[in-house]
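Every number in this text was worked out from the coordinates using simple rules, so none of it is lab data. Just so you know, these numbers come straight off a predicted model, no measurement behind them. Please note: Cβ atoms are built from the backbone with ideal geometry, for glycine as well, and neighbour counts cover all protein chains shown.
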Amino acid sequence: MTDFNEPEAKLEALLDIINSSAHQAIAEYKKTGHGVPNTLALKKAIRLLEGAYHQLSSILAPPQHTVMNLVFNYNWACTGVALRARLADVLDQYPEGLSVDKLAEAVNLDKVKTARVLRALTLMGCFKEVEQDIFANNRLSLILKSTNNTGCYAGLHSQDISKYAGVVYETMIDEEFSMSHEVDKAPRVFALRKEGISMDHYEMMEDDEEKRDAFHRAMLGQSDMLGASAVLHHYPWNDISSVVDVGSGIGAFSTPLAKMFPHLRITNQDLPKVMALAQNAWEKNAPVTETSLGGCVEFIPINFLEDAPVVGKDVYYLRHVIHNWPDAEATTILRNVRKAMGPNSRVLIHDFVISHTLQRPAVGTNGLSVAPEPMLPNFGAGNHNTYQTDLTMWFAFNSKERTLEELETIGTAAGLALTQVYDLVDTMLIEFRIA
Ligand SMILES: C[S@@+](CC[C@H](N)C(=O)[O-])C[C@H]1O[C@@H](n2cnc3c(N)ncnc32)[C@H](O)[C@@H]1O
């Protein structure tokens, strides 16, 4: 036993995982031959790689160092500056690079401060310093261009969610907020009340077209970031004829689904103003001629807290919908879906799934992946997105990501039985049928 307090065999095993997962990732790139492979195999390799190297580093680095790493992290603030000032858009016009002075002048910011932001981000691999004080875009900073939907998703976090996160402890000791799990007692509400704003998230978007547009673009970005298209490849869509996308947004899921499976009859359902946006987005992104959709897609407004979706379809798909709501509302939504189901209909909840760091047994047999030893069974930092999104849900909606057991419980309360789990890395697809 050495000072790092762990058997050396454990360190060697983590090194082996780092080595083999990095090689798996390289093999994926070679197999694809161009661009970034949009495969589950790459995502699985990265989940192992990130989980194992964080675990190894936290064993070997002095603990003070690792703890300070947790808080010495202003990357979100610097990313927010880059996004709002549109630094990547400007640099895009200068593939060979632009001096930081000229860049700062172009976006009307102080050059010394702009340079500090860029240096902090460049250190993390976002932007490239091609010569001293001359910066250019690279594969990471291109995501921050104003046209990129994942940049829009990053903007939502660097501006709005970070503000809600800033008051979290205050909400935990506030008499009115501390013990509540209601949507109207979320840290978001606490933070915005200070600014005199009292509308809920979706009400606010009803009145603000720019915010609504940005939010729905962010949802497309989240979908890209998660490689959510894996659901297109790992569910038997060919055996299905009709799909209702419940809380569809502007079609981040249903548009690629229609393109890949033109035989499907698709119903998009969301709030009325979102349906109007969805129809526009659909006309732009999936013209009828391209998908041979003809009359095969419909847009039907719904308030899913009050009404059931269209009846008797094969699949009712809910992506990132259930996690927006505390248990009572989540159960209401599922009950409403249950009312619309025929005997062979299925519900697919597509969300993140929490598993505890000690959760090793049985769950693996139900589709939930378990990391190899000596990693934490839930992949530790390799599952960063899941646990950060859980906090996002808390800060914004007082809602949460759930464990499989919790999802099963709200399903049961709505008259549904869990039948299948698909591990899509980051997110899971959980199938329910009528109990
Ligand atoms: C987080 S977004 C997910 C959108 C989409 N499923 C996706 O994966 O990109 C949640 C969606 O639920 C919709 N929504 C919120 N409240 C609703 C309600 N009461 N009835 C119907 N849709 C609602 C929102 O408009 C939004 O599009």
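Counting charges near Val90 (Lys, Arg +1; Asp, Glu -1) among other residues having Cβ under 13 Å from its Cβ returns a value of 0.
The residues neighbouring His216, those whose beta-carbon lies less than 14 Å from its own, together hold a net charge of -2 under the Lys/Arg +1, Asp/Glu -1 convention. A viscosity of 1.002 mPa s and a temperature of 20 °C, combined with the Kirkwood radius over C-alpha pairs in the Stokes-Einstein formula, give the range 8-71 a diffusion coefficient of 166 µm²/s.
Counted by Cβ distance under 15 Å from Pro326, the other residues give a net charge of -4, where Lys and Arg count +1 and Asp and Glu count -1.
Working note: 222 nm ellipticity from helices only, DSSP H runs with n ≥ 4, each -39,500 (n - 2.57), summed and divided by the residues of the chain, gives -14000 deg cm²/dmol to the nearest 500.
Stretching Glu209 away from Asp92 to a fully extended chain increases their span by 39.3 nm, per 0.36 nm per residue minus the current alpha-carbon distance. Could you tell me which of the pairs Lys145/Lys211; Lys10/Lys128; Lys102/Lys128 are separated by over 24 angstrom between their Cα atoms in the structure shown? In this structure, Lys10/Lys128 exceed 24 Å between Cα atoms. From the alpha carbon centroid of the range 52-106 to that of the range 173-220 is 28 Å. With both residues required to sit in the chain, DSSP beta bridges show an antiparallel share near 50%. Sorting 217-223, 111-117, 154-160 by average packing, meaning the other beta carbons within 10 Å per residue, from highest down gives 217-223, 154-160, 111-117.
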